[in-house]
Amino acid sequence: MPKYQAPRGTRDLLPAEMRTWHDLEALGRELAGLYGYQPIETPLFEDAAVFERAIGTATDVVEKELFRVSSPGGDADRWALRPEATAGVARAYVQHGMQTLPQPVRFSTFGTMFRYDRPQAGRYRQFWQWNVEAIGDTGPAVDAEIIELGLRFLRRAGVSEVEVHLNSIGDGACRPAYVAALVEYLRRFEGTLPELERSRLATNPLRVLDSKDSRMAPILASAPVITDFLCDACREHYQSLQAHLERLEIVPRQAPHLVRGLDYYTRTTFEYFRPGHEGQQSALGGGGRYDGLLELLGAKPTPGIGLALGIDRIAGALGDRNGAAAAAAATRPVAVVVGADPTGTDLRLRMATDLRAAGVAAGADLAQRKLARQLENAARDGAHFAVVIGDELTAGQVQLRDLQAGTQRLVNVAELARELLRAHAGHRHGES
Ligand code: HAM
């Protein structure tokens, strides 16, 4: 085994897999354009306080999973790699005074996140998300827009069956009564609660509901549900959201324990699953409303909602559909420039460069090997044509060999690029 390996919990995305990544990124860009979500990029690291304030200190993401970064000049642990995108986007919205723009401001972003989690299937320490956020609208119509957008992404990506799990976790007005009821219920099991859950009971009881500990499942099965505690405003919001979804022909599954792992959520929370794959590591994405988050980061009270889809998990659900063959096809050259003189690499490189400048996907055999080997390699690379440089070059001509048809003819160098594009386009047209 080689001495140096990708760090635990990370992996290399090799060319075969990159095809899926590029497709999913392009899909995100297309849908963001259709729905009016503008692109944004925020730094891969932020002041750790941004995540602590936004996500909450008594959460797994901040307490156990934050990759803290020290700067060389001291400042130990002042920074952290982003575990998610929402906090950074919200910070940018506040920093750039976007409250003065017409609301809501819609953002989209695609990129890597970092969580120092225990690596396992579907759970990486570096992973990719596609995020959308709509900041400055109380909903519930925009909640439905975002839930439908996530569903559309998953369907367009090719995930055949997807189910939306939906909940409302109330707000500052009604949640305290629910939390009190939950605490009272959990206290009955205090002696048997795992250690982390016992401490969460004191610091952040809602987090116990998304415990990753399997011993908690039977206890939580009969815990009180927050939807029984919603105040009138939250109940109306939730009912109206469901009516909007119904009009979009989306029938969510009620998930009264779905609180999600981040503290900033209010009211709407949701996740996407494939039926039969509902485990902790299986959500293809999720999101929710965060009406208190912007204020925590220094803005005037500003509502918001967003979602993130897990690209690694979507790629996993799609399997090897795009696979190595398709990836290779995408980079297959139209032509490879070869030559009778093995040492004539300068001529071959020059001609390939000219062809590329003219828009032809061209390769050149730059190793000094015999013509027969050069032709073999061109065919193996899947090239349609070989451009053979020989004595005819003194007359401004080269042999154009169709590697698939096995035919060959002389072409003027001045017309080579046009000729290749024409012949290749005609061939592809004939294929379809
Ligand atoms: P999240 O549920 O923490 O939400 O992550 C969203 C999705 O990212 C998950 O459903 C999963 O597919 C993927 N994911 C999370 N952690 C990992 C991991 N360790 N390895 C692989 N995939 C992972 C958020 O991040 C929120 N910022 C979503 C949001 C946006 N809420 C409002 N706006």
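Which value results when the Cα radius of gyration for the range 172-295 is divided by 2.2 N^0.38 Å?
Details: Rg = 15.2 Å, N = 124, 2.2 N^0.38 = 13.7 Å.
So the range 172-295 has a normalised radius of gyration of 1.10.
Tell me, Kirkwood radius of the range 142-226 from alpha-carbon pair distances, in Å?
Values: mean 1/r = 0.0662 Å⁻¹.
Roughly 15.1 Å, rounded to one decimal.
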* **Reachable lysines, given that their alpha-carbon falls under 29 Å from the alpha-carbon of K3 and they are not under 8 places away in the same chain** => K64
* Per-residue ³J(HN,Hα) for the range 368-385, Karplus 6.51 cos²θ - 1.76 cosθ + 1.60, θ = phi - 60°, Hz, x for Gly and Pro -> 8, 10, 5, 4, 4, 5, 4, 5, 4, 5, 4, 5, 5, 6, x, 5, 6, 10
* Considering amide H positions built from the backbone, and no H for Pro or chain starts, which residues 5 or more places from Q397, or on another chain, come under 5 Å of its amide H? -> V413
* With springs only between Cα atoms under 10 Å, which of Q404, Q374, Q254 fluctuates most in a Gaussian network model of the chain? -> Q404
* ³J(HN,Hα), Karplus 6.51/-1.76/1.60, whole Hz, each residue of the range 237-247, x for Gly, Pro -> 4, 5, 5, 5, 4, 5, 5, 4, 5, 4, 5
* If you plug each phi of the range 139-150 into the Karplus form 6.51 cos²θ - 1.76 cosθ + 1.60 with θ = phi - 60°, what whole-Hz ³J(HN,Hα) values come out, in order, with x for Gly and Pro? -> x, x, 4, 5, 4, 5, 4, 5, 4, 5, 4, x
* Asked: Roughly how many Å² is the accessible area per residue of the chain, as a whole number, for a 1.4 Å probe?
  -> 49 Å²
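Taking 0.36 nm per residue of separation and subtracting the Cα-Cα distance, what length does fully extending E415 through E195 add? Mind dumping the intermediate values first?
On the way: separation 220, 0.36 × 220 = 79.20 nm, distance 7.59 nm.
Full-extension gain reported as 71.6 nm.
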* Once the piece of chain linking A405 and Y116 is laid out straight, how much longer is it, given 0.36 nm per residue of separation minus the C-alpha distance between them? -> 98.6 nm
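Under Stokes-Einstein, with the Kirkwood radius over Cα pairs standing in for Rh, what whole-number D in µm²/s applies to the range 105-145 at 37 °C and 0.692 mPa s?
Numbers: Rh = 12.4 Å.
Answer from the Stokes-Einstein relation: 265 µm²/s.
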* What's the long-distance tail for the range 227-286, i.e. % of Cα pairs beyond 20 Å? -> 33 percent
* Asked: Taking springs between alpha-carbon atoms closer than 10 angstrom, which of F385, F127, F153 fluctuates most in the Gaussian network model of the chain?
  -> F385
* Structure fact -> Calculated from DSSP helices alone, with each H run of at least 4 adding -39500 (n - 2.57) and the total divided by the residues of the chain, [θ]222 nm to the nearest 500 comes to -11500 deg cm²/dmol
* Among 337-343, 421-427, what's the highest-first ranking by average C-beta atoms within 10 angstrom per residue? -> 337-343, 421-427
* Asked: Exactly which GluC sites (Glu not before Pro) in the range 1-93 are in a DSSP loop and have at most 13 other Cβ atoms within 10 Å?
  -> E41
* With the Cα gyration tensor of the range 1-149 in hand, convert its eigenvalues to equivalent ellipsoid semi-axes via √(5λ) and list them largest first in whole Å. => 28, 22, 14
* Asked: Can you give the extra length, in nm with one decimal, that the chain gains between R369 and L248 once fully stretched, where that is 0.36 nm per residue apart less the Cα-Cα distance?
  -> 37.3 nm
* Structure fact -> Taking Cα atoms only, Rg over Rh for the chain with Rh from the Kirkwood formula is 1.12
* In a GNM of the chain with a 10 Å cut-off on Cα contacts, which of A317, A32, A173 has the highest mean-square fluctuation? -> A173
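Using just the alpha carbons, could you tell me how many Å³ per residue the convex hull of the range 59-107 encloses?
Cα convex hull per residue, to the nearest whole number: 101 Å³.
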* **K212 accessible area, 1.4 Å probe, all protein chains in place, Å² to nearest 10** => 90 Å²
* Cysteines having no other Cys beta carbon under 4.7 Å from their own, within the chain -> C234
* Asked: Out of residues 5 or more away from T268 or on other chains, whose amide H comes under 5 Å of its own, with H placed 1.01 Å from N in the peptide plane?
  -> I169, R289
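Only sites in a loop by DSSP and with at most 14 other Cβ atoms within 10 Å count here; which chymotrypsin sites (Phe, Trp or Tyr not before Pro) in the range 1-48 make the cut? Kindly include the intermediate steps, with their values, before the conclusion.
Numbers: sites: Y4, W21, Y35, Y37, F45; in loops: Y4, Y37.
Qualifying residues, ordered by number: Y4.
The values are calculated or read from the model by the stated rules, or taken from the named source; none is laboratory data. Bear in mind the structure is a predicted one, so any value in this text is a computation, not a measurement. Don't worry about glycine lacking a Cβ; one is built from the backbone with ideal geometry, like all the others, and counts go over all protein chains shown. Note: areas computed on protein heavy atoms with side chains; ligands, DNA, RNA excluded. Shrake-Rupley method; radii C 1.70, N 1.55, O 1.52, S 1.80 Å.
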